[in-house]
Amino acid sequence: QVAVIGSINVDQILHIQNLPQPGETIEMTAFSKAAGGKGANQAVAAARLGAEVAFIGSVGDDANGQFMHQVLTDAQLDLTGVSVNPQEATGQAYILLQATGQNSIIIQHGANYALTAEQVRSQASRLQNADTTVAQLEVPIPAICTGFELAHEAHRLTILNPAPAQDIPEALLQLTDIIVPNETESTKLTGIAIDQPDGLRANATWFHQQGVPAVIITLGEQGAYVSTRDVASQVPAFPVKAVDTTAAGDTFIGALAAQLQPDLSNVISAVRFASMASALAVQQNGAIPSIPTLTQVNQALHQ
Ligand code: ADP
């Protein structure tokens, strides 16, 4: 069982040729709407990849909130911990997607930022029943700290994906068993560049010194670097032709949470599984639609 404390957004995708200049008016070439938010993406990934998932988050009392409720219900998540906040709009991400494939994103956090520690505490039994609790940084840090404290009281594992990149308090690091940043997020927190001799090891050591026992730094098509008390090694990515890397990291984290044994004894094989899940995801368009199923990942791993 996995609990996710995280964000729920509707992605409003504006397809454009090029970004408008200041003062310029342009037209979009197409528009699409999709389910998103790092929390929702990771929760759906964990559910598709074999876990029973309880979600803790917050939406507004609006059509976007209902849309997301339906998407997450279809993904078989337990949504008892999702509160409807009448004062705030459901979170939205306005994604300006250029013809080159580059995107620029503007986020309205809305109800995500209204998630309180009390709301998380009201879900204590779900957190304490989950083997693993996962969080990202698109909901308030006090809510995450409360969730991680409850998980620890029940001797459960906590996974923090420190995304989007931002500084985090030492207290949260001390409640984190496994931190899973990408390169940018890792360097933002440690202040240590990765592309220098021993850069990966130096980044991991920084986190260990802050009290985080396990570090997994994702490196895009270079794979992932794993550092625990017992292991320090780089697990290569699967060589594939990527068409859309949206949610690669979210698929990786959801997959990891679904597969990891609480004692971390299978960390390398769980990372290999997560790498395959995200390698399959980057070969499809979109975020949630691109996340593969458990059967698809197992088939690909045993081919
Ligand atoms: P984020 O999306 O958070 O920036 P990364 O780009 O590091 O995260 O990707 C997360 C994981 O997804 C990587 O560790 C890797 O396993 C997989 N992945 C990402 N891009 C590719 C790619 N082009 N080919 C194969 N695997 C990829």
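Readers should treat all values here as calculations from the given coordinates under stated rules, not as data from a laboratory. Everything quoted here is computed from the prediction, not taken from an experiment. Neighbour counts are summed over all protein chains in view; Cβ atoms, including those assigned to glycine, are modelled from backbone coordinates with ideal geometry.
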Next item on the list: Could you order peptides 203-209, 102-108, 146-152 by the average number of other Cβ atoms within 10 Å of their residues, highest first?
Entry: 146-152, 203-209, 102-108
Next item on the list: Please give the peptides 137-145, 11-19 ranked by average Cβ packing (other Cβ atoms within 10 Å per residue), highest first, as a rough proxy for protection.
Entry: 137-145, 11-19
Notebook entry, point to check: By counting other Cβ atoms within 10 Å of each Cβ, how are V271, V59, V243, V84 ranked from fewest to most?
Noted result: V243, V84, V271, V59
Note to self: Can you give the log10 of the normalised intensity I(q)/I(0) at q = 0.20 Å⁻¹, computed with Debye over equal Cα scatterers of region 8-93?
What the structure shows: -0.87
Margin query: What's the whole-number percent of alpha carbon pairs in region 118-175 lying beyond 15 angstrom?
Written below: 41
Next item on the list: Calculate, axis by axis, the spread of Cα positions in the chain along the three principal axes, and write the results as whole Å, longest axis first.
Entry: 55, 43, 40
Next item on the list: Enter the Cα centre distance for the pair region 124-147 and region 21-82, rounded to the nearest angstrom.
Entry: 18
Margin query: Around A214, under 9 Å between beta carbons, what's the net of Lys plus Arg minus Asp minus Glu among the other residues?
Written below: 0
Next item on the list: Return a whole-number percent for the relative contact order of the chain, with Cα pairs under 8 Å and 6 or more residues apart as the contact set.
Entry: 17
Item checked: Calculated over region 74-200: convex hull of Cα atoms, volume per residue (Å³) -> 156
Check: Local charge sum around I194 (other residues, Cβ-Cβ under 12 Å, Lys/Arg +1, Asp/Glu -1)?
Finding: -2
Margin query: If you consider only alpha-carbon coordinates, what radius of gyration and Dmax does region 1-151 have, in Å?
Written below: 16.5, 54
Check: In whole Å, what is the distance between the alpha-carbon centres of region 174-242 and region 97-112?
Finding: 26
Check: When the Cα atoms of region 166-216 are enclosed in a convex hull and the volume is divided per residue, what value in Å³ results?
Finding: 63
Check: Of the beta bridges DSSP finds with both residues in the chain, what % are antiparallel, to the nearest 5?
Finding: 40
